[in-house]
Amino acid sequence: MNELVEFLGVTKSYDSKKIAVDNVTLKLPKGKIIGLLGPNGSGKTTLIKMMNGLLVPTSGSIRINGVPVGAQTKAMVAYLPDRTYLTGNKTVSHILDYFVDFYADFSRERAEQMLANLGIDPSARMNSLSKGTKEKVQLILVMSRNADLYVLDEPIAGVDPAARDYILRTIINNYNPEATVLISTHLISDIEQVLDEVVFMRYGKLVLYTSVDNIREEKGKSVDAYFREVFAC
């Protein structure tokens, strides 16, 4: 079985009038880097939170490696949320200690190497770091795991352009090749060079799921240009 993630008729509604994700059926294969793309309010973050067990579908089901999303799948997924969650007086090194204890698949050596490459001092306290540096630390923590699925919600939105290429190289070079990376972002032109496939969403619905090569060959356009065409106001 090549499928890693399976969505079957997944709907999430918050009330009778607000449907955030609307009857999505989709299979994501192993070993791919996939862009989850869509305008604000398209349901991307809701879909991601359901994959991570933070929200429960109103109807339908989600399976990872054939296992329904729940306590067992948390060990399979490395998740980077779209907001900074590392705060307080802990040092970066203390955060690494926590991840070593909490995740059996976490590589401290890999994390320390990436910190060194970005010039981040492990003895620095989280409340002394800039927002962009905190986001870099969070990405390092995620990519230092040997997970089956990496889910990255806006991983480069808060960092300076000079660091984006390094972060994309970090994603490519540090994930398990048998795993899948799902990246949700608005900065399509910055990441399309690393993408194998794309998922387009709008108003909670699945609009398109195809390979990047298909868009370039059939449409004669970059992913960014085609996205702008599909979602033109």
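Quick note: the coordinates plus some simple rules give every number you see, no bench work behind them. Everything quoted here is computed from the prediction, not taken from an experiment. Every residue, glycine as well, gets a Cβ built from its backbone with ideal geometry; the counts of neighbours run over all protein chains shown.
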* Asked: What number, rounded to the nearest 500 deg cm²/dmol, is the helix-based mean residue ellipticity at 222 nm of the chain, given -39500 (n - 2.57) per DSSP H run of at least four residues and division by all its residues?
  -> -8500 deg cm²/dmol
* Asked: So what's the net charge close to LEU4: Lys and Arg +1, Asp and Glu -1, counting the other residues with Cβ under 14 Å from its Cβ?
  -> -2
* **Nitroxide proxy distance, nm - points 7 Å out along Cα→Cβ at ARG63 and ARG169** => 4.0 nm
* For a quick protection proxy, order the peptides 60-66, 198-204 by their average other-Cβ count within 10 Å, most packed first. => 198-204, 60-66
* Asked: Considering only DSSP states other than H, G, I, E and B, which chymotrypsin sites (Phe, Trp or Tyr not before Pro) in segment 69-119 qualify as loop sites with at most 14 other Cβ atoms within 10 Å?
  -> TYR85
* Return an integer: the convex hull volume of the alpha-carbon atoms of segment 48-151, in Å³ per residue. => 98 Å³
* Structure fact -> A correct Karplus calculation of ³J(HN,Hα) over segment 68-80, with 6.51 cos²θ - 1.76 cosθ + 1.60, θ = phi - 60°, whole Hz and x for Gly and Pro, returns x, 4, x, 4, 5, 7, 4, 6, 8, 10, 9, 10, 10
* Structure fact -> Too long for a 26 Å Cα-Cα cut-off, among LYS44/LYS90; LYS32/LYS136; LYS30/LYS90; LYS17/LYS44; LYS74/LYS136, are LYS44/LYS90; LYS30/LYS90
